[in-house]
Structures are given as structure tokens and as C-alpha cells.
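The values are calculated or read from the model by the stated rules, or taken from the named source; none is laboratory data. Please read all numbers here as calculations on a predicted model, not as lab measurements. With ideal geometry, Cβ positions are generated from the backbone for all residues, glycine too; neighbour counts draw on all protein chains shown.
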């Protein structure tokens, strides 16, 4: 199926794949306007995934919970949910560098069972994220049309 509209593909990706009328509207827009429609929509769509990822983090990893965030590209239409890179420089604050151990919590170790806080969040909130993105894309398209009139 060609990329047309809003939908879901794969276990970790959300991409445009369904609503043909929405896809036609996006294709009519110049690239710059298309990004103005998509970027805020992606940011809006990722919000429930971020909240769920934070809820999925075990209590003992409180610093990790604080460092989960979303980012939307300034130049392209994509976004991600990620753990912020370590910013602490003091050696005794090493335990506060969630970027250094987030993968160990997600995938587990010999001693610690995997938690899947990030992948689990996407699995739990994928449908909601897609619905929110479609809703916001339509709102933003309507705003653009209203400005042109």
C-alpha cells in the first residue's frame, strides 16, 4: 500500500498510510506548509506516548522518569520519544544519568528483568497517537485553508 494518510506500520513506527482524502490534501500543499501542518500534529500525537512511558518506568528509577521527553524535527516532519542525554558532570551524580542506563532498564540484564517502558508505551498508545495525529492534521489543514480565503 502506498503512503497515503494516517495509519500504523510495524511495531515501533507510526507513518502515514491510510486516509486517502487527507493524503491528497497534504500533497496539494507546498513542502513548507506541509511541515507546518505535520510538525505540530506529530508533537501533539507523541504526548500520550511520553506520559505512558513515564508511567511504565519502575519507581526505583525516578531519575529516568524525569528525563523522558519528545522531540520534533525543526526541518523535517518526524518526531521521537527519547531519554534526554546525560547533563550531569559530577561523579557522585553518575546514578542520575538516565541516558547511561535506560537501555538496561528497557532490555534487562542478567540480574534485572526487562521493563519495556518505551516499547510498551508505544504499544499501549499507538492507536491514540495515530488518532490524535489525524485529528490535529485536519485541524491544521482547516486553519491553513481559512487563512487562504
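For the stretch 51-64, which residues satisfy the criterion of being modelled with pLDDT of 90 or more and either under 12 Å from the mean Cα position of the chain (by Cα) or surrounded by fewer than 19 Cβ atoms within 10 Å (Cβ to Cβ) (or both)? Can you show your working first?
So in the stretch 51-64, the residues modelled with pLDDT of 90 or more come out as 51-58.
Residues satisfying the conditions are 51, 52, 53, 54, 55, 58.
Given the residues 48, 98, which is the only one that is touching a helix residue (DSSP H, G or I) at 6+ places or on another chain (Cβ under 6 Å), crowded, with 17+ Cβ neighbours inside 10 Å and at pLDDT below 85? Talk me through it step by step, then tell me what you get.
On the way: 48 fails: at pLDDT below 85.
Checking each option against the conditions leaves just 98.
Looking at (1) part of a helix (DSSP H, G or I); (2) within 17 Å of the chain's Cα centre (by Cα); (3) over 19 Å from residue 134 (Cβ atoms), which is the only condition residue 46 fails?
(3)
Taking interchain pairs and intrachain pairs at least six residues apart, which have beta carbon atoms under 7 angstrom, with the first residue in the stretch 120-149 and in contact (Cβ under 8 Å) with a residue 60 or more places away in the chain and the second loosely packed, with under 14 Cβ neighbours inside 10 Å?
Qualifying pairs under 7 Å: 122/12.
Need the failing condition index for residue 127 against (1) surrounded by 16 or more Cβ atoms within 10 Å (Cβ to Cβ); (2) at pLDDT 85 or above; (3) under 30 Å from residue 25 (Cα atoms), just the number.
(1)
On the given criteria, is residue 144 surrounded by 13 or more Cβ atoms within 10 Å (Cβ to Cβ), part of a helix (DSSP H, G or I) and at pLDDT below 85?
Details: surrounded by 13 or more Cβ atoms within 10 Å (Cβ to Cβ): yes; part of a helix (DSSP H, G or I): yes; at pLDDT below 85: yes.
Answer is yes for this residue.
Examine the stretch 71-88 for a residue that is at pLDDT 90 or above and loosely packed, with under 14 Cβ neighbours inside 10 Å, and state whether such a residue exists.
Within the stretch 71-88 (the criterion being at pLDDT 90 or above and loosely packed, with under 14 Cβ neighbours inside 10 Å), the answer is no, since none of the residues qualifies.
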